[in-house]
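The structure appears below as structure tokens.
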Amino acid sequence: MTLIKSISGIRGTIGGRPEDNLTPIDAVKYAAAYGTYIQRNSTADQLSIVVGRDARISGEMIQSLVEQTLIGMGITIIDLGLSTTPTVEMEVVNAKADGGIILTASHNPKQWNALKLLNAAGEFLDATAGAEILAIAENNDFNFVDVDSLGKKTTISTAIDDHIAAVLAHPLVNLSAIKAASFSAVVDGVNSVGGIAIPALLDALGVDCTKLYCDPTGHFPHNPEPLKEHLGDLSEEVIRVKAHMGIVVDPDVDRLAFMDEKGEMFGEEYTLVACADYVLSKTPGNTVSNLSSTRALRDVTEAAGGQYFASAVGEVNVVTQMKAKKAVIGGEGNGGIIDPNLHYGRDALVGVALFLSLLAERKCSVSALKSTYPAYFMSKGKIELAQSMDVDALLQKMAERYTKEQPLTIDGVKIDFPEAWVHMRKSNTEPIIRVYAEAKTQAEADAITQRFSDELLAEAK
């Protein structure tokens, strides 16, 4: 497996040969390249970088390699240990650090890990910065300091608590209404840091919490992507304990999905729709999501008198568009909530608090809330990439074939039809082409995904 190098970071599987997988040598190399980039782009006398990790089995090893490499460059490390991605993002700002590194491969299985790289604002690096880091790594263009100039390491053990405190202080979080509602929830923490952060947040919100897979061992009990087909145990537990809802996050807690009181998925696409509905009811304005997200956000935004805008896939692209359009909330349809009142990063903790605030104020069940939103159904397919496949040329052919539909090509190819759409793009995180479709019924959406997957494979021959 070749290392995947993108705006989403440096990602690969553990073990094997350097440059083919994420090995100790690669961890050191790309940590050094990032450290060099920070040195060249900061005017601080003493540089500092925040480092945190999810509970992956390889996390402690990779963290040690990364931190000691940066110490060897004279950089101070602020070690958060086990931490969520949004917690690291917020701590970069709180600590006035020059950057941050999150060691997580998000939704990927346990054999994967990655270095996610942040700037001094606690936001993901843009493509220009990413290209500079890759060039530094390619040329081994870094230097290490002498023994008297080595960096130091400090630890912060309260970062998740501080994050929760910031969520509770959010001006739109209705703490009194949530506590009065006496909610109960089952939490699937996929044996990672969500098992620490989400129950602690729920306890602070006065929600009765039943824990499922909340021991941060890194041994994921099921595929860690928070999709319906992976969450049978959560469904059974919600029904068994008669909880008001189920809550599931991915290993680094930047994706969030809910389950209703019947053990049925609320739909990760609708996580953002519901949170936006609540925010728009308090602070009308614009919203942003990526091209692969549900049309329901557009519908809810326009109903509230705002404008909806789409961005290319990737958190950094959503954030850039949110700032440009002064969006009051945004995110990605994979359950990623970005609330600029807190910070410009996908954050499951603030998503939980906003969702519960909405539910408490509406005084309805999770299933009843879902019924108030436009009904769309999404199908998500993928095509494994062959080494010989020219993906850019392939997608260009698809755009040319559907010229009459005026496809969007800012990120792969998105084709809008009157009652449906399809989006085909090369993944930033896996060696695949993603084929997403949305329609008024699940059968229609599945048929569109299959149709365009077949057309892509036919073109590739």
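Against the conditions (1) surrounded by 24 or more Cβ atoms within 10 Å (Cβ to Cβ); (2) over 29 Å from Gly52 (Cα atoms); (3) in contact with a Lys or Arg (Cβ under 6 Å, 6 or more places away or on another chain), Asp254 satisfies every one except (2).
The range 13-119 holds no strands (runs of 3 or more DSSP E) entirely within its bounds that carry 2 or more residues that are under 24 Å from Asn317 (Cα atoms) and more than 25 Å from the chain's Cα centre (by Cα). Of all residues in the range 412-424, one or more are buried (at least 18 other Cβ atoms within 10 Å of the Cβ), in a strand (DSSP E or B) and within 20 Å of the chain's Cα centre (by Cα). Of the residues screened, Met259 is one that is buried (at least 24 other Cβ atoms within 10 Å of the Cβ) and under 30 Å from Gln111 (Cβ atoms).
The criterion of at least 2 residues that are closer than 24 Å to Asp260 by Cβ and modelled with pLDDT of 95 or more is met, among strands (runs of 3 or more DSSP E) falling completely within the range 298-372, by 327-332, 336-338.
In the range 53-72, the residue that is nearest to Tyr30 (Cα to Cα) out of those that are crowded, with 23+ Cβ neighbours inside 10 Å and hydrophobic (A, V, I, L, M, F, W, C) is Val66. So for the range 136-151 (the condition being outside any helix (DSSP H, G or I), modelled with pLDDT of 95 or more and not assigned by TED's automatic domain parsing to the domain that holds Met90), does at least one residue qualify? No - not one qualifying residue is present in the range 136-151.
Within the group Ala386, Ala353, Ala360, Ala399, which residue is free of Cβ contacts under 8 Å to residues at least 24 places away in the same chain, out of contact with any Lys or Arg (no Cβ under 7 Å at 6 or more places or on another chain) and of a type in the set (A, V, I, L, M)?
Details: Ala386 fails: free of Cβ contacts under 8 Å to residues at least 24 places away in the same chain; Ala353 fails: free of Cβ contacts under 8 Å to residues at least 24 places away in the same chain; Ala360 fails: free of Cβ contacts under 8 Å to residues at least 24 places away in the same chain.
The conditions single out Ala399.
The set of residues in the range 189-222 being closer than 19 Å to Asn108 by Cα, more than 17 Å from the chain's Cα centre (by Cα) and touching a residue at least 60 places away in the same chain (Cβ under 8 Å) consists of Asn191, Pro216, Thr217, Gly218, His219, Phe220. Being in contact (Cβ under 8 Å) with a residue 60 or more places away in the chain, touching a helix residue (DSSP H, G or I) at 6+ places or on another chain (Cβ under 9 Å), of a type in the set (Asp, Glu) and in the same structural domain as Ala348 (by TED's automatic domain parsing) is a property that Glu225 lacks. Ile178 meets all of the listed conditions (1) part of a helix (DSSP H, G or I); (2) crowded, with 20+ Cβ neighbours inside 10 Å; (3) within 22 Å of the chain's Cα centre (by Cα) but one, namely (3).
Would you point out which residue out of Asp392, Asp454, Asp446 is of a type outside the set (Lys, Arg), in contact with a Phe, Trp or Tyr (Cβ under 9 Å, 6 or more places away or on another chain) and assigned to a helix (DSSP H, G or I)?
Numbers: Asp392 fails: in contact with a Phe, Trp or Tyr (Cβ under 9 Å, 6 or more places away or on another chain); Asp454 fails: in contact with a Phe, Trp or Tyr (Cβ under 9 Å, 6 or more places away or on another chain).
Of the residues listed, the single one that is of a type outside the set (Lys, Arg), in contact with a Phe, Trp or Tyr (Cβ under 9 Å, 6 or more places away or on another chain) and assigned to a helix (DSSP H, G or I) is Asp446.
The values are calculated or read from the model by the stated rules, or taken from the named source; none is laboratory data. Since the model is a prediction, treat every value here as computed from it, not as a measurement. Cβ sites come from the backbone with ideal geometry, for glycine too, and all protein chains shown count toward neighbours.
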